[in-house]
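S.K.: Can you keep this structure in mind? I'll have questions shortly.
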2 protein chains.
Amino acid sequence: MNLNVALVGFGNVGRSLAEILLAKQDFLRSEFHAVVRVVGISTGRHGHAIAPSGISLRTALDAVRFGSQLDGLHEGRPVQDTSSFLERCPADLVFESLPTNPIDGQPALDHIRGLLERGVHVVTANKGPVAYGYHELKALADKYQVGFFFEATVMDGAPVIGVGREGLVGTDISEIRGIFNSTTNYILTQMEYENLSFDEAVRMAQEIGIAETDPSLDVDGWDSVLKLVIMSNLLMGIDLRPEDVAREGIQGITLDDILAAIAAGQRIKLVCKSARRPDGSVESIVAPQRLSLNDPFAAVMGTSSVIDYVTDTLPQLTIIENNPSPMTTAYGMFVDMLNIVRGRHVTGSFEPIKHP
Amino acid sequence: MNLNVALVGFGNVGRSLAEILLAKQDFLRSEFHAVVRVVGISTGRHGHAIAPSGISLRTALDAVRFGSQLDGLHEGRPVQDTSSFLERCPADLVFESLPTNPIDGQPALDHIRGLLERGVHVVTANKGPVAYGYHELKALADKYQVGFFFEATVMDGAPVIGVGREGLVGTDISEIRGIFNSTTNYILTQMEYENLSFDEAVRMAQEIGIAETDPSLDVDGWDSVLKLVIMSNLLMGIDLRPEDVAREGIQGITLDDILAAIAAGQRIKLVCKSARRPDGSVESIVAPQRLSLNDPFAAVMGTSSVIDYVTDTLPQLTIIENNPSPMTTAYGMFVDMLNIVRGRHVTGSFEPIKHP
């Protein structure tokens, strides 16, 4: 089996994915009889390349590392933008890892819609289109019998979406609770450990590349909201919009707040929670909370993250992801690809046994 | 789709599974277009019943609750034993939850072998046959294109096996560490919380039904060994036998040991661990260990359990199952059935897209 793929977005995550695809070539051939050929790479600052005969990932990685454009790897007339790249790239599966637009998920939402309608599998690490368009995009994927997977959007590559889809199938999930944003958890951790003010901790996070130049997407709680929306829509059968979530960020948390909490045997965390009300509707909130130090969530420090599922048959299942990296996120995309290769997007066809 | 199933073993787990099958009937019909018909129940003390036209689970549950035999539900000539039950029962899928034999996995190992060879799907909660026969049974299941699933054997219904099979596909798992045995974890917890001797805590666990009359399978570490063998063989690509695992139980732990550990900021847990050595081989051990109170494992108390996976792409993934019950274990079997219904036992057939 030859699988032609394209990478749209070639930042930390896209490049880590390229490294994984290189490292796992033999595994893919031996375990899945799959040869993955990269036929296109679309970047933000290094141009676009389409080559139906295949692009050397090692060459592309080297080019970007040395600040070059990818044009030398391109075959045919030049590609002007991502839209025309997607129209012309002969990929069976597109990996999308563009920066998240927290307002409406665009332009990735339109890109993904177009790909699914043309029968192309989509694997995305981009929260925007999934938070704003999950139900529509899932219906399109089902209609065109292709995969639409997004494990890497929540808790990086930890299989928290896969667990919902595979491991918790048939349960009634009444509550999801999580610490989903690494940047704010890192900031709160540094404030406590290093006795820093909020602003000092943000600067520290920026210096080591954990916070963006404009950290508002994280500290205002938007990133957490998008992730909570993704999980709630997927696992609780609702149609939640980001604007429906009660949201409070951590920008009002002072060092005094942190120390007062610790003195009281508590720790402040930015907690995401969706819980079903008795009438069947779901209440969703993102806000800082003081948690008892006995709460396992209180022990999740730095860039680690955590999720709790409360279900009718499993009282409480907790998944903790420790010390992720861009490689971890990229691995989530790799697993999505393997699940498409294994046909996980198609409902299995069960044949009862013929008894003699 | 009509799925004919049989239950072999009708203790706490088998009866909880019956309750789930009753409760989820509508779900199965609406989501999976599946009608599950129970065509046989084989019990240890309440006889056997085979009825190709279907057995009322409610009636069977009531009969057992009132101490009756299931013979009234049986059609045809009487069934003498489990072997003849399995030969005559017209099931597409057999749920097996017989008591675990820690010595060689028999007779369940032979039962399962026979079922798979006849093209019958098998879902088991019984650790013995999986610990002693995984590779052989998996090869048989593949040969006859049927499912052989056993989520309920480790950490009850928590999807720790599903995560390995689905969520961690393509990773290289270098270490598995866990607290897998509820009984010993409960005993150690009670010793600490209630200042009990080992013997007093065992008696308490027996009184509330958490420990067996003969608690040696748990306290000697055998149950933990079987579970570690199951996980290691499935996820680390080895052929480990229970006798290969270095094993130490908790019977030598005194209240003084417990209190001394706490005074040192530590807690004693019965830890299972398989770790790959530099030469590629795997070292497996089950033994009590003093863990720092900062270790998330130290916070897993009572009958809860935990697993850590260390992989090449996910630095450390932790799954905690809180407060399980027989219903939780039964749910693991239910998920296995759904995965068979969804064709998860068949490697997906991927068709590259035809580009115009």
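The values are calculated or read from the model by the stated rules, or taken from the named source; none is laboratory data. Not measured: the values here are computed from a predicted model. Cβ: placed from backbone, ideal geometry, glycine included. Neighbour counts: every protein chain shown. These area figures cover heavy atoms from the full protein model, side chains too; ligands, DNA and RNA do not enter into them. Shrake-Rupley method; radii C 1.70, N 1.55, O 1.52, S 1.80 Å.
S.K.: Mind checking how much accessible area B and A bury in total, 1.4 Å probe, in Å² rounded to 100? Don't jump to the answer; show the numbers that get you there.
M.R.: Numbers: alone 16070 and 16070 Å², together 27500 Å².
Counting both chains, the buried surface is close to 4600 Å².
S.K.: Using the heavy atoms of the protein chains alone and a 1.4 angstrom probe, what is the accessible area of the protein assembly as shown per residue in square angstrom?
M.R.: On the way: 27500 Å² over 712 residues.
Averaged over the residues of the protein assembly as shown, the accessible area is 39 Å².
S.K.: While we're here: Any idea how far apart B:Asp26 and A:Asn2 come out in nm if each label point goes 7 Å out from Cα toward Cβ?
M.R.: In this crude label model, B:Asp26 to A:Asn2 measures out at 5.1 nm.
S.K.: Per q in 0.14, 0.16, 0.17 1/Å, what log10 I(q)/I(0) does a Debye calculation on the alpha-carbon atoms of the stretch B:1-50 return?
M.R.: -0.37, -0.47, -0.53
S.K.: In whole Å, how far is the Cα centre of the stretch B:51-106 from that of the stretch A:71-126?
M.R.: If we compute the Cα centre of each part, the gap is 55 Å.
S.K.: Taking the Cα-to-Cβ direction at B:Asp81 and at A:Glu248 and moving 7 Å from each Cα, how far apart do the two end points lie in nm?
M.R.: 6.7
S.K.: Once you treat every alpha carbon in the protein assembly as shown as an equal point and sum by Debye, what is log10 I(q)/I(0) at q = 0.09 Å⁻¹?
M.R.: -0.83
S.K.: When the expected Rg is taken as 2.2 N^0.38 Å, what fraction or multiple of it is the alpha-carbon Rg of the stretch B:1-86?
M.R.: Ratio of Rg to 2.2 N^0.38 Å for the stretch B:1-86: 1.06.
S.K.: Still on this structure, please answer the following. Which residues, if any, in the stretch A:312-342 have at least 50 Å² less accessible area in the whole protein complex than in the isolated chain, probe 1.4 Å?
M.R.: Buried-area filter returns A:Thr313, A:Leu314, A:Pro315, A:Gln316, A:Leu317, A:Thr318, A:Ile320, A:Asn322, A:Tyr331, A:Arg342.
S.K.: In square nanometres and to one decimal, what's the mean projected area of the convex hull around the Cα atoms of the stretch A:179-277?
M.R.: Across all orientations, the stretch A:179-277 yields a mean hull projection of 7.1 nm².
S.K.: Mind giving me the FRET efficiency for A:Lys138 and A:Arg241? R0 is 22 Å, r the Cβ-Cβ distance, nearest 0.05 is fine. Before the final figure, lay out the partial values.
M.R.: Values: r = 16 Å, r/R0 = 0.71.
About 0.90, to the nearest 0.05.
S.K.: Between the stretch A:214-290 and the stretch B:214-245, what is the C-alpha centre distance in whole Å?
M.R.: Cα centroid of the stretch A:214-290 versus Cα centroid of the stretch B:214-245: 40 Å apart.
S.K.: Roughly to the nearest percent, how much of the accessible area of chain A is carbon and sulfur, given a 1.4 Å probe?
M.R.: Reported share for carbon and sulfur atoms: 48 percent.
S.K.: Still on this structure, please answer the following. Would you mind listing the distances between the A:Gln25 label point and the same position in each other copy? Use 7 Å along Cα-to-C-beta, nm, one decimal, shortest first.
M.R.: 5.7
S.K.: Would you please state which residues of the stretch B:18-39 a label at B:Arg88 would reach in this model, taking the label point 7 Å out along Cα→Cβ and a backbone N cut-off of under 15 Å?
M.R.: Taking a point 7 Å out along Cα→Cβ of B:Arg88, the residues of the stretch B:18-39 whose backbone N falls under 15 Å are B:39.
S.K.: Arrange the residues B:Arg65, B:Arg177 by how much accessible surface each exposes, largest first, with a 1.4 angstrom probe.
M.R.: Largest accessible area first, the residues go B:Arg65, B:Arg177.
S.K.: Taking a point 7 Å out from Cα toward Cβ as the label site, list the nm distances between B:Arg118 and the same residue in every other copy, smallest first.
M.R.: The projected label point of B:Arg118 is separated from its counterparts by 5.3 nm.
S.K.: Where a Cα-Cα gap under 21 Å defines reach, which lysines qualify for A:Lys269, not counting those fewer than 8 residues away within the same chain?
M.R.: Cross-link targets: A:Lys227.
S.K.: Now for a different question. Would chain B count as rounded, prolate or oblate if I go by the C-alpha gyration tensor, calling it rounded below 1.5 in a/c and otherwise prolate when a/b exceeds b/c, oblate otherwise? Walk me through the intermediate numbers first.
M.R.: Details: a/c = 1.98, a/b = 1.32, b/c = 1.50.
Because a/c hits 1.5 or more and a/b fails to exceed b/c, chain B counts as oblate.
S.K.: Out of every Cα-Cα pair in the stretch B:123-216, what percent are more than 15 Å apart?
M.R.: Above the 15 Å cut-off, the stretch B:123-216 has 71 percent of its Cα pairs.
S.K.: Considering all projection directions equally, how large on average is the shadow of the alpha-carbon convex hull of the stretch B:23-171, in square nanometres?
M.R.: For the Cα atoms of the stretch B:23-171, the hull's average projected area reads 10.4 nm².
S.K.: Which whole-angstrom value gives the distance between the alpha carbon centres of the stretch A:135-197 and the stretch A:296-316?
M.R.: With the stretch A:135-197 and the stretch A:296-316 each reduced to a Cα centre, they are spaced 12 Å.
S.K.: At 7 angstrom along the Cα-to-beta-carbon line, where would the label on B:Glu248 sit relative to the other copies? Give the distances in nm, shortest first.
M.R.: 4.9
S.K.: Pairing the Cα long axis of helix A:12-23 with the longest principal axis of chain A, what angle in degrees results, from 0 to 90 and rounded to the nearest 10?
M.R.: Helix A:12-23 and the main axis of chain A meet at about 50 degrees.
S.K.: Residues of the stretch A:136-166 losing 50 Å² or more of accessible area relative to the isolated chain, 1.4 Å probe, heavy atoms only?
M.R.: A:Pro159, A:Glu166
S.K.: Which whole number in µm²/s is D for the stretch A:203-356 by Stokes-Einstein, with the Kirkwood Rh taken over Cα pairs at 10 °C and 1.306 mPa s?
M.R.: Rounded to a whole number, D works out at 86 µm²/s.
S.K.: Shifting gears a bit: If r is the Cβ-Cβ distance from B:Ser292 to B:Val35 and R0 is 56 Å, what FRET efficiency results, to the nearest 0.05?
M.R.: According to the calculation, E is roughly 0.60.
S.K.: Which of A:Ala287, B:Ser224, B:Phe149 sits farthest toward the positive end of the charge dipole of the protein assembly as shown, with +1 on the Cβ of Lys and Arg and -1 on the Cβ of Asp and Glu?
M.R.: Comparing the listed Cα positions along the dipole, B:Phe149 ranks first.
S.K.: Something else about it: With label points built 7 Å along Cα→Cβ from the Cα atoms of B:Asn323 and B:Ser53, find their separation and express it in nm.
M.R.: 4.4
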